[in-house]
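**Q** One structure, as C-alpha cells, below. Some questions next.
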Amino acid sequence: MAVSLDLLPARIRHRFPVFERQVYVNSCSQGALSDSVREAYARYLDDWDEHGAPWEYWVGRLEAVRSAIAGLVNAGEDEIAVTTSVSAGVSALVSGIRFGDGRDTIVVSDFEFPTIGQISHAQERRGVRVVHVPAEADGTIPLERFEAAVDERTALVAVTHVCFRNGGRLDVEGVGRIAHAAGAPVLVDAYQTIGSLPIDVRALDCDFLAAGVLKYLLGSAGLGFLYCRRELVQGIEPTATGWFADRNIFEMDIHDYSPAANARRFEAGTPPVPSTYAAIAGIELMQEIGIAETEAHVRELNALLRGGLEELGATVVTPAEPERSGALLCVRSTDIDELVAALESGGIVTSSRDDNLRISAHCYNTAEDVGALLGALSANRRLLA
Ligand SMILES: Cc1ncc(COP(=O)(O)O)c(C=O)c1O
C-alpha cells in the first residue's frame, strides 16, 4: 500500500518546495507552488522588461489558455470564455439570460459557493425567483430534492460538483437530466473538482461549467473560465460586459453593443496577463502528472485517512460512497479555529469552513503526510467532535 502510494509523489514532489517546510494538505484552497509556475511568473516579468508592451504576444497567451482549457474539459475553443474568476464568468452568463415567458426561476443547491447564491439572489432585482434545494442531514442532496424544485418556471439550475463546505459530491449528470427534462439549462461549478479528476463537459452533458486554475490545476489567482455549450451562446447577450467581449475588440466602437459570436462574449476587460502564464504552466504540469492518476492516488490516500480517523473516533462529514465524494475530506471539530492553529503550529496546513476541518490531498501528498496529520489529530483529539 505505502509503496504504491509513494509512486506518484516520488516522481513530482521535489517540484513543490513547500514540502521542504510543511505538510501541505490544503489544495481545496490553493494548489502548492511548483517550480514551473514560479518560472512562468519570472518569464512574464522578463517579457515585460525585454519587450515593453508585447500585447500581441500576451493576447496569444490568452488564446493559449483558452486552448488548454478547451482541451482539458473536451470543449471547443469557441465554447470557452477566459475570465478573471468564476464570479465574473457566472455574472456575465446570468446577466444575459432572459427571464421571461414564464421562466423566472433560478434553482440553486444548498451546496453552492457563496458567489453562485449571491449572483442568483442579485437577479431578484430583475424579478427573478430563487429556489434553494436543501441538503439531507447526512451531507447529501438526493436527486428527488432537485426533482421537487425544478419545473416549467426554471430558467437555470446551478449545481456544484463538490461542495466546498463538506466535500459532498453531487450527481451533476442526474441534475442535468432533471433540468433538461423541464427544458432548463444546467450550470456546473467545478472549481472543487477540476484538476483533481477528469472533467468532460460532453460526458457531464452540462450547458455551462465554471471553474478556475487556483486549486487542483496548480495555477494562481486571477484566472477562471466559463464553458458555454455552442448551441446556446448566441441566445445569451450578457449585460455585464466589456471591450474584450466585443465582436471586434479593435474596432473600439462606442456606439453599439455587438458581442462576439462565440463564448468570448462572456469576457470583459483587459485579460489577467500574469495569471495566463501561471495558468498555462499549471495546467501543463497537471497534465504531465496525470489527472486520472491523481484521482486514483488521492482516493487511496483518503481511504488511509478515513481509516485513521475512524480509529480516532472522529466524525467525517463527507459522504463515504466513492461517487459522493472527491478530493476534499471534512472532519467535524469542537473548536475549529483552535484545531487549524494547532495543526499549523506543527507545520500542517489545512483550512476550515463552518465547524469542519478541510483536508485536501493532491498528487504531491504521501502516506507520510497522512500519517503526520493523523498523529497531530490524535494529539489534539479533544478538538475533534
Ligand atoms: C466551489 C467554488 N466555487 C467558486 C470559488 C471561487 O470563485 P471565484 O473564482 O469567483 O473567486 C471557489 C473557491 O474559492 C469554490 O470552492
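The values are calculated or read from the model by the stated rules, or taken from the named source; none is laboratory data. Computed from a prediction, not measured in an experiment: that's the story for all the values here. Cβ: placed from backbone, ideal geometry, glycine included. Neighbour counts: every protein chain shown. When the accessible area is computed, the model is the full protein with side chains, heavy atoms only, and any ligands, DNA or RNA have been set aside. Shrake-Rupley method; radii C 1.70, N 1.55, O 1.52, S 1.80 Å.
**Q** Only Cα pairs under 8 Å and at least 6 apart count here; give the relative contact order of segment 211-275 as a rounded whole percent.
**A** Normalised by residue count, the contact order of segment 211-275 is 35 percent.
**Q** Let me check against my output: what whole-number percent is the relative contact order of segment 1-144, with C-alpha pairs under 8 Å and at least 6 apart?
**A** It comes to 12 percent, rounded to a whole number.
**Q** Oh, and also: At a 1.4 Å probe radius, carbon and sulfur cover how many percent of the accessible area of the chain?
**A** Details: 8170 of 15870 Å².
That fraction is 51 percent.
**Q** If you don't mind, there's one more thing I want to ask. Based on Cα coordinates alone, diagonalise the gyration tensor for segment 164-288, multiply each eigenvalue by 5, take square roots, and list the semi-axes in whole Å, largest first.
**A** For segment 164-288, the ellipsoid semi-axes come out as 27, 22, 11 Å.
**Q** Relative contact order for the chain: what is it in percent, counting Cα pairs under 8 Å that are at least 6 residues apart?
**A** Working: 778 pairs, mean separation 90.2, N = 385.
Normalised by residue count, the contact order of the chain is 23 percent.
**Q** Taking the Cβ of Glu310 as the center, what net charge do the other residues with Cβ under 14 Å away carry, scoring Lys and Arg +1 and Asp and Glu -1?
**A** Here the charged neighbours net out to +2.
**Q** I've got another one for you. Could you give P(r) for the chain, binned at 20 Å from zero, as whole percent values over all Cα-Cα pairs?
**A** The distribution over the chain is 28, 55, 16, 0, given as percents.
**Q** Right, another one. Once Rh is set to the Kirkwood radius over Cα pairs, what Stokes-Einstein translational diffusion coefficient, in µm²/s, holds for segment 1-121 at a temperature of 10 °C and a viscosity of 1.306 mPa s?
**A** In µm²/s, the coefficient is 84.
**Q** What 222 nm value per residue comes from the helices of the chain, counting each DSSP H run with n ≥ 4 as -39,500 (n - 2.57) and dividing by all residues, nearest 500 deg cm²/dmol? Provide the component values of the computation, followed by the final result.
**A** Details: 13 runs with 154 residues, N = 385.
About -12500 deg cm²/dmol.
**Q** On to the next question. Just need log10 I(q)/I(0) for segment 335-385 at q = 0.16, 0.19, 0.20 Å⁻¹, Debye formula, equal scatterers on the alpha-carbon atoms, no solvent, rounded to two decimals.
**A** These q points yield log10 I(q)/I(0) values of -0.42, -0.59, -0.66.
**Q** Under 1.5 on a/c is rounded, so check that first for segment 231-273, then, if it is not, pick prolate when a/b is larger than b/c and oblate when it is not; a ≥ b ≥ c are the square roots of the alpha carbon gyration tensor eigenvalues.
**A** Oblate, since a/c reaches 1.5 and b/c is not below a/b.
**Q** For Val59 paired with Val130, estimate the spin-label separation in nm (one decimal), with each label point 7 Å from Cα along the Cα-to-Cβ line.
**A** 3.7
**Q** Once you list every other residue whose beta carbon is under 9 Å from the beta carbon of Ser258, what net charge do they have if Lys and Arg are +1 and Asp and Glu are -1?
**A** -3
**Q** Ok, one more. Out of every Cα pair in segment 236-309, what percent are spaced more than 20 Å from each other? If you can, show how the numbers build up before the last one.
**A** On the way: 1568 of 2701 pairs.
Across segment 236-309, Cα pairs with separations above 20 Å total 58 percent.
**Q** As a test of the definition: which semi-axes, in Å, follow for segment 277-375 when you take the square root of five times each eigenvalue of its alpha carbon gyration tensor? Largest first, please.
**A** 24, 17, 13
**Q** To the nearest 10 Å², what's Thr334's accessible area with a 1.4 Å probe?
**A** Number for this one is 90 Å².
**Q** Give the long-range amide H neighbours of Val23: residues separated by 5 or more places, or on another chain, with amide H under 5 Å away, using H modelled in the peptide plane at 1.01 Å from N.
**A** For Val23, the qualifying residues are Ile348, Val349.
**Q** What translational diffusion coefficient, in µm²/s and rounded to a whole number, does the Stokes-Einstein relation yield for segment 159-220 at 25 °C and a viscosity of 0.890 mPa s, taking the hydrodynamic radius as the Kirkwood radius over Cα pairs?
**A** For these conditions, the coefficient is 205 µm²/s.
**Q** Anyone know which of Gln192, Gln22, Gln30 comes out most mobile in the 10 Å Cα GNM of the chain?
**A** Sorting by GNM fluctuation, first place goes to Gln22.
**Q** Which of rounded, prolate, oblate describes segment 83-166, given a ≥ b ≥ c as roots of the alpha-carbon gyration tensor eigenvalues and a/c under 1.5 marking rounded, otherwise prolate only if a/b is larger than b/c?
**A** oblate
**Q** Angle check, please: helix 35-51 long axis (alpha carbons) against the longest principal axis of the chain (alpha carbons), in degrees 0 to 90, nearest 10.
**A** Its long axis makes an angle of about 40 degrees.
**Q** Could you state the accessible area per residue of the chain in Å², with a 1.4 Å probe and every protein chain left in place?
**A** Working: 15870 Å² over 385 residues.
Here the residues of the chain average 41 Å² of exposed surface.
**Q** Comparing Tyr44, Tyr24, Tyr216, which has the greatest mean-square fluctuation in the GNM of the chain with Cα pairs linked when under 10 Å apart?
**A** Tyr44
**Q** A follow-up question, please. Arranged from highest to lowest average of other beta-carbon atoms within 10 Å per residue, in what order do the peptides 81-88, 127-134 appear?
**A** Most protected by this proxy first, the peptides run 81-88, 127-134.
**Q** Now for a separate question. If I build a Gaussian network model for the chain, linking alpha-carbon pairs within less than 10 angstrom, which residue out of Arg98, Arg265, Arg61 has the largest mean-square fluctuation?
**A** The residue that fluctuates most here is Arg98.
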